[in-house]
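Take a look at the structure set out below.
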Amino acid sequence: MQKPIIILGIDPGTIIMGYSVIEVLNNVITIREMDVLKLAATKDHYYRLQKIHQKVIELMETFSPNEFAIEAPFFGKNVQSMLKLGRAQGVAIAAAMEKGIPVTEYSPKKIKQSITGKGNADKEQVWMMLQRITGLPEKPKYFDATDALAVAVCHHFGSKVLMPVADAKTSSIKKAPKVSWEQFVSSNPQRVKI
């Protein structure tokens, strides 16, 4: 009997961090949890990092994910914001590695492309496609939650073959095996329209 794969997806942020836990069995995606961690109450950046770490550990202890996927910071003009976002991402990754869970990182463009077919899709388009893929009932209050769901679903769709994978057991970077279009189509029949 096949065991479900549980994927924890994180959309890192120092004000709002999105998170999602999906369970995949026989290519059927079930959303186990999807929400945000709001951190705007304090200006202490180190306290926020501590809360991010605690939340990621809590999610891993609650759901026991097999895999961890996170959105990579994008390159913007504000260097301070990028540094803070990179720290938030690093803290979340460290929590996953602490628990021995393999980590995969995806660019925002790759996530959007995996979900919508377009690397420049907006948040509304991503949400609408996720609604079709997962049966998500309603528009969330924060798109950060659906962004985290998109990260987890992207990981499930096999997009990890395009990014290096951090192996939590050896703390090294390894390349994921290549997957052909035929393998992708046979593993994801719900994504193919004839």
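All of the numbers you see were taken from the coordinates with simple rules; none came from a lab. Fair warning: this is a prediction, and the values are worked out from it, not measured in the lab. Cβ atoms come from the backbone with ideal geometry, glycine included; neighbour counts cover every protein chain shown.
Residues in the range 1-37 near a label at H45, defined as backbone nitrogen under 18 Å from the 7 Å Cα→Cβ point? In the range 1-37, the label zone of H45 (backbone N under 18 Å from the point 7 Å along Cα→Cβ) covers 12-17. Remark: the R132-V28 segment gains 36.2 nm on full extension, using 0.36 nm per residue and subtracting the alpha carbon distance. Close amide-amide hydrogen proximity is noted between L39 and I16, M17, each under 5 Å apart and 5 or more residues distant or on a separate chain (H modeled in the peptide plane; Pro and chain starts excluded). Listed from fewest to most Cβ neighbours within 10 Å, the set S107, S81 follows the order S81, S107. Pairs of lysine residues in the range 79-134 that meet both criteria, 8 or more places apart or on different chains and Cα atoms under 21 Å apart, total 6. Under the combined filter of DSSP loop state and at most 16 neighbouring Cβ atoms within 10 Å, the range 46-103 retains none of its GluC sites (Glu not before Pro).
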